[in-house]
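Trainee: Take a look at this one; I'll ask things after.
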Amino acid sequence: MKKKMRILWLSAISCNGNTHSFLNYPYMETFLDDFEFIYHPVIDSKYLLQDIVSKLISCDILLIEGAISREFKRADVSIVDIIEKYSKIVQKIVTVGTCATFGGIFRESGYKNTSGLHFDQEKQIENFKYLLDKTISISGCPIHPEVLVNTLYAIKKSTTLRLDGFLRPKAFYAYTVHNGCTRNEYFEYKVDNHKFGELEGCMYYEHGCQAPFTHGSCNKILWNEVNSKTRAGLPCMGCTEPSFPRQNLFSTKKNMSIPENLPVGVSKRAYLTLAGITKAFKIDRLEKKLFDD
Amino acid sequence: MIKLIEKIEGEAKLNFNFKDDKIDFVDVEFMSTRNIENILRDKRAFDALVINPRVCGICGHAHLIATVEALESCYNNLQLSNKAKAIRELTLNFELIQNHFKWFYLTMLPFFGHKQQILKATYPTQLMGKAIAALGGQYPHTSYAVVGGVVCEITQMDIIKIESYITQTLKFVEDNLVKVDSKTLLACKDADALLDFSGDLPEILIEIKKRDMLNHAKSYDRFIAFGENSFFKKGKSLKARVSHSISLKDVKESEVPSSFAKNVSYKDKYYEVGPLARAMVNKTTLVVDAHKKYGDSLFSRILARVFEILELLNHSKKLIDKIDLDEPSYIEPEFDISKLTSSGYSAVEAARGTLIHKVELEEGIIKNYEIITPTQWNLSGGTREKPGVSQKAMVGLSDIKTAELVFKSFDVCSVCTTH
Ligand code: SF4
Ligand code: SF4
């Protein structure tokens, strides 16, 4: 029998959304042939949570879901103590989701000093600094199951992953969510006629789509293998970024009619120049409904 | 004796008190909360559409639908197309269905000597996830329902795709859950007849009978459901006597000193919510028959939740047929929510039962937000004299393992209960 890699899935302050998103991974059978959970919040495991916190069960990878605060306990033991204990014996730690990576929504849940494992939003924290070399961050609210599982396979194969400044694998996070959106033509030509409930129009100019400055593969590796938020007509909420959740979602913050957050790598001046040029276009096809004759 | 109950979307502590070798009281304690209601305070109304699905990873979509309906009820005469209503109802149905599959194969089966069936849980739930994503962009955690409708525009091709996910899920039900064609099963009126079929559901029901558990897990025999749509009716059922005139005004939430979960009662009485309650209010023949024979027991509760999968799949097909693609998906409200000072509420049927949201807006800013989740109804921590629904169902049992089964038969969700 081939050796399975042993995983401990630990939930901190979370909604369990990552747990359930993971269950959508399409090739679960293969995955479970190659990995086993010494503990998982839903899947049956050999050990109970009480075993996990009272003993030290051998394992290879520690997955942490949810925001972290010393005040928050699992089976009466602080999540920080559990992480400290297991971090010593595992090869790798993976922060699963935006809460575990940056604090996310539950950074505001009222526990003292709540943050991600290494980051409090953009700011790197002192705690757990010694684990930086071991950690890979998979941000997203929730994580994309393929991004998580393929990262776990990379660990299993000892593949060297190139990580960005937030420890996220570039293979998934070097892209922006904007890349692959079916509305891209509307963005390019600054056709902003987006209305909810329509197939046409880009949501960057009025509806707060954060995709051009959000790192993630949501439009490249589709959700549930079929769709993405922006394809469906919902602005990207930037859930893979340290700033998630911003306030006043669904509307584009502007300074003197220029979006405050420009696409990654575009300067204000370049944006103005481009906007000037694209305004000269009047593309009939993009002004009309897609299915008009 | 205190036992930590795990894998209920978090944990709870059950403190069992025995008298003459039988459980005579169980204290239920939830140890943590995430304060979603506080997180929402002073945020913009629309931000609740993004935050609230994060109440729960398994029924976050119900929280989205409850949020959007609560915000819409802040308007006086907001228009919604039938198409948008149908699309929302479909995605909510699909979420209920995926939950029921997971509960049955991951949580219930292992209690009856079977191994946990991960692939049987994930295959149909993934199909339902795809069906939601086809409309909502992704699952879990979409915010595709907005005040005035839904953000997606569907084409005939999307409908064909969604229909095939439904057909494939129905086939899974027929090949695994109850091995009979779904029409026969839907028409089945006799709960005992199920024991003659083969399949994962009959196997468990037979096991319940064999183990002499037919009378297990009875509670107050009082049911309630507030969510209404083209399938679910609103009402209460007392020992099978159904009345449809109930009011949210009589629902009360109260704090419990030892736990992060608040209690919920209707006219000061505890009521059961969830698929069994819905089936009693809807007068679903098969479930009413099970109830007639075995009361509000483990048998009826399991049967009701699994049978709802089939009913919702069947109803979803009919809903799709009624969609008029020429209608708009979204009708812009007459005025912007940022100008709205008002209050509103909603009630939807989530997988585990009635979910209630209440909101107060001041110029579009959330001043107060209250959430009452289904599990709060079923898991209210009452006193010895007046135990909550699940507490009462555990009284009289002689071992903790069975008590855990009974507790989990209510499809406990810790993150929702404490939110
Ligand atoms: S809607 Fe968003 S993701 Fe799509 S093209 Fe526009 S900015 Fe990019
Ligand atoms: S599309 Fe945007 S909001 Fe959605 S999951 Fe991806 S990064 Fe998050």
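The values are calculated or read from the model by the stated rules, or taken from the named source; none is laboratory data. None of these values were measured; they are calculated from a predicted model. For neighbour counting, all protein chains shown are included, and Cβ atoms are generated from backbone atoms with ideal geometry for every residue, glycine included. Only protein heavy atoms, including side chains, enter the accessible area calculation; ligands, DNA and RNA are left aside. Shrake-Rupley method; radii C 1.70, N 1.55, O 1.52, S 1.80 Å.
Trainee: In the range B:158-182, how many are under 24 Å from the mean Cα position of the chain (by Cα) and assigned to a helix (DSSP H, G or I)?
Mentor: At the first step, the residues of the range B:158-182 found to be under 24 Å from the mean Cα position of the chain (by Cα) are B:162-163, B:165-174, B:176-178, B:182.
Narrowing further to those that are assigned to a helix (DSSP H, G or I): B:162-163, B:165-174, B:176-177, B:182.
Looking only at that region, the number is 15.
Trainee: Here's another thing I want to ask about it. Evaluate the range A:140-148: report whether one residue or more is more than 14 Å from chain B (Cβ to nearest Cβ), within 12 Å of ligand 2 (Cβ to nearest atom) and under 14 Å from the mean Cα position of the chain (by Cα).
Mentor: No; the residues of the range A:140-148 include none that is more than 14 Å from chain B (Cβ to nearest Cβ), within 12 Å of ligand 2 (Cβ to nearest atom) and under 14 Å from the mean Cα position of the chain (by Cα).
Here's the yes/no breakdown for (1) buried (at least 23 other Cβ atoms within 10 Å of the Cβ); (2) more than 24 Å from the chain's Cα centre (by Cα); (3) more than 10 Å from chain B (Cβ to nearest Cβ):
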{"site": "A:S14", "(1), (2), (3)": "yes, no, no"}
{"site": "A:N18", "(1), (2), (3)": "yes, no, no"}
{"site": "A:S21", "(1), (2), (3)": "yes, no, no"}
{"site": "A:L32", "(1), (2), (3)": "no, no, no"}
{"site": "A:I43", "(1), (2), (3)": "no, no, no"}
{"site": "A:D51", "(1), (2), (3)": "no, yes, yes"}
{"site": "A:C59", "(1), (2), (3)": "no, yes, yes"}
{"site": "A:L62", "(1), (2), (3)": "yes, no, yes"}
{"site": "A:E65", "(1), (2), (3)": "yes, no, no"}
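Trainee: What is the one condition in (1) at pLDDT 95 or above; (2) open to solvent by 10 Å² or more (accessible area, probe 1.4 Å) that B:L214 does not satisfy?
Mentor: Single failed check for B:L214: (1).
One line per residue, one yes/no per condition, for (1) β-branched (V, I, T); (2) under 30 Å from B:A86 (Cα atoms):
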| residue | (1), (2) |
| --- | --- |
| A:S139 | no, no |
| A:N150 | no, no |
| A:T160 | yes, no |
| A:L167 | no, no |
| A:E185 | no, no |
| A:E206 | no, yes |
| A:H215 | no, no |
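Trainee: Given the criterion more than 14 Å from B:Y220 (Cα to Cα), hydrophobic (A, V, I, L, M, F, W, C) and open to solvent by 10 Å² or more (accessible area, probe 1.4 Å), identify the matching residue among B:I372, B:I400.
Mentor: On the way: B:I372 fails: open to solvent by 10 Å² or more (accessible area, probe 1.4 Å).
When all the criteria are applied, what remains is B:I400.
Trainee: Which one is farthest from the other protein chains (Cβ to nearest Cβ), of the residues in the range B:133-157 that are part of a helix (DSSP H, G or I) and free of Cβ contacts under 8 Å to residues at least 40 places away in the same chain?
Mentor: Here is the first cut: in the range B:133-157, the ones part of a helix (DSSP H, G or I) are B:133-136, B:156-157.
Subsequent filtering for residues that are free of Cβ contacts under 8 Å to residues at least 40 places away in the same chain retains B:133-134, B:157.
Values: B:A133: 4, B:A134: 5, B:M157: 11 Å.
Out of the qualifying residues, it is B:M157.
Trainee: Also: Applying the selection to the range A:75-133, what residues are under 21 Å from the mean Cα position of the chain (by Cα), within 23 Å of A:M5 (Cα to Cα) and within 14 Å of chain B (Cβ to nearest Cβ)?
Mentor: Answer for the range A:75-133, where residues must be under 21 Å from the mean Cα position of the chain (by Cα), within 23 Å of A:M5 (Cα to Cα) and within 14 Å of chain B (Cβ to nearest Cβ): A:V96, A:G97, A:A100.
Trainee: Criterion first (of a type in the set (K, R), touching a Phe, Trp or Tyr at 6+ places or on another chain (Cβ under 9 Å) and under 20 Å from A:V42 (Cβ atoms)) does B:K102 satisfy it?
Mentor: no
Trainee: Got a number for residues in the range A:227-249 being more than 11 Å from ligand 2 (Cβ to nearest atom) and buried (at least 24 other Cβ atoms within 10 Å of the Cβ)?
Mentor: The total comes to 1.
Trainee: For B:I166, only one of the following conditions fails: (1) out of contact with any helix residue (DSSP H, G or I) (no Cβ under 7 Å at 6 or more places or on another chain); (2) at pLDDT 95 or above. What is its number?
Mentor: (1)
Per-residue answers, yes or no, for (1) more than 11 Å from every other protein chain (Cβ to nearest Cβ); (2) open to solvent by 10 Å² or more (accessible area, probe 1.4 Å):
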{"residue": "B:A70", "(1), (2)": "yes, no"}
{"residue": "B:K85", "(1), (2)": "yes, yes"}
{"residue": "B:W103", "(1), (2)": "no, no"}
{"residue": "B:G113", "(1), (2)": "yes, yes"}
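Trainee: Are there any pairs, at least 6 apart or on different chains, whose C-beta atoms fall under 8 Å, with the first in the range A:254-276 and in the same structural domain as A:C202 (by TED's automatic domain parsing) and the second part of a loop (DSSP other than H, G, I, E, B) and modelled with pLDDT under 90, and if so, which?
Mentor: Short answer, once both residue conditions are applied: A:A275/A:K190.
Trainee: Can you name every residue in the range A:28-65 that is touching a residue at least 40 places away in the same chain (Cβ under 8 Å) and in a loop (DSSP other than H, G, I, E, B)?
Mentor: A:I57, A:S58, A:C59, A:D60
Trainee: Let me ask something additional. Taking A:L167, is it away from ligand 2 (no atom under 14 Å from the Cβ), within 13 Å of the chain's Cα centre (by Cα) and assigned to a loop (DSSP other than H, G, I, E, B)?
Mentor: Working: away from ligand 2 (no atom under 14 Å from the Cβ): yes; within 13 Å of the chain's Cα centre (by Cα): yes; assigned to a loop (DSSP other than H, G, I, E, B): yes.
Yes: the conditions hold for A:L167.
Trainee: Let me ask another. What number of residues in the range B:368-419 are among the aromatic types (F, W, Y) and not in a helix (DSSP H, G or I)?
Mentor: Of the residues in the range B:368-419, 2 are among the aromatic types (F, W, Y) and not in a helix (DSSP H, G or I).
Trainee: May I ask you to verify whether B:V264 is crowded, with 23+ Cβ neighbours inside 10 Å, at negative phi and part of a strand (DSSP E or B)?
Mentor: In short, yes.
Trainee: I would also like to ask the following. Check the range A:189-199 and report whether any residue there is near ligand 1 (Cβ under 9 Å from one of its atoms), at pLDDT 95 or above and within 24 Å of A:T278 (Cβ to Cβ).
Mentor: Checking the range A:189-199: not a single residue is near ligand 1 (Cβ under 9 Å from one of its atoms), at pLDDT 95 or above and within 24 Å of A:T278 (Cβ to Cβ).
Trainee: If B:E334 satisfies all but one of (1) touching a Ser or Thr at 6+ places or on another chain (Cβ under 6 Å); (2) open to solvent by 80 Å² or more (accessible area, probe 1.4 Å); (3) in a loop (DSSP other than H, G, I, E, B); (4) of a type in the set (D, E, K, R), what's the number of the condition it fails?
Mentor: Result: B:E334 fails condition (1) only.
Trainee: Still on this structure, I have one more. Take the residues in the range B:267-316 that are touching a Pro at 6+ places or on another chain (Cβ under 9 Å) and not in a helix (DSSP H, G or I), then tell me which one is farthest from B:F104 (Cα to Cα).
Mentor: B:Y270
Trainee: Restricting to the range A:172-226, and then to whatever is without any contact (Cβ under 8 Å) to a residue 12 or more places away in the chain and away from ligand 2 (no atom under 11 Å from the Cβ), can you tell me which residue is surrounded by the fewest Cβ atoms within 10 Å (Cβ to Cβ)?
Mentor: Filtering first and then ranking leaves A:K195.
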